[in-house]
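The structure under discussion appears below in the form of structure tokens.
The values are calculated or read from the model by the stated rules, or taken from the named source; none is laboratory data. Remember, it's a predicted structure, so these values are computed and weren't measured experimentally. FYI the Cβ positions are ideal-geometry reconstructions off the backbone, even for glycines, and counts take in every protein chain you see. Calculation scope for accessible area: heavy atoms of the full protein, side chains included, ligands and nucleic acids excluded. Shrake-Rupley method; radii C 1.70, N 1.55, O 1.52, S 1.80 Å.
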Amino acid sequence: MTLTQEIITIAMVVLGTAITRFLPFLAFPAGKPTPKYVQYLGKALPPAIFGMLVVYSLRNVTIFSGSHGIPELLAVLLVIALHMWKRQMLLSIAGGTVFYMALVQFVF
């Protein structure tokens, strides 16, 4: 890339970042109530993303070879237990991920 292209690329990245940061505040000012569809998305998207994460994480698990899906099953059970206990999605995801990585690295 030439210097001009690098400057243009950096400027576009900065502009894109600024737009995504400021647009919600411009579209939904503090004095107005949040639209119903945005409230709905705020409630519906986290479980949908969590479901997509589960499908993505388990898509290549084979129970007929390797560790037979045991570390994945144990990690999923831990995620469920953590979520039922604390009801914090970040804790559930992080705890399950750390537990799975420890199982894969040190046990299986």
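A few notes on this one:
Each row is one residue, and each column tells you yes or no for (1) of a type in the set (A, V, I, L, M, F, W, C); (2) in contact (Cβ under 8 Å) with a residue 60 or more places away in the chain; (3) closer than 23 Å to M89 by Cβ.
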residue: V13; (1), (2), (3): yes, no, no
residue: K43; (1), (2), (3): no, no, yes
residue: L73; (1), (2), (3): yes, no, yes
residue: V76; (1), (2), (3): yes, no, yes
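- Criterion violated by V61 - all others in (1) out of contact with any helix residue (DSSP H, G or I) (no Cβ under 8 Å at 6 or more places or on another chain); (2) surrounded by 10 or more Cβ atoms within 10 Å (Cβ to Cβ); (3) not in a helix (DSSP H, G or I) satisfied: (1)
- Among all residues of region 93-106, there is none that is within 16 Å of the chain's Cα centre (by Cα) and not in a helix (DSSP H, G or I).
- One residue from P35, P46 being open to solvent by less than 70 Å² (accessible area, probe 1.4 Å), modelled with pLDDT under 95 and more than 14 Å from the chain's Cα centre (by Cα): P35
- Within region 8-24, the residues that satisfy the criterion of being β-branched (V, I, T) and surrounded by 10 or more Cβ atoms within 10 Å (Cβ to Cβ) are I8, T9, I10, V13, V14, T17, I19.
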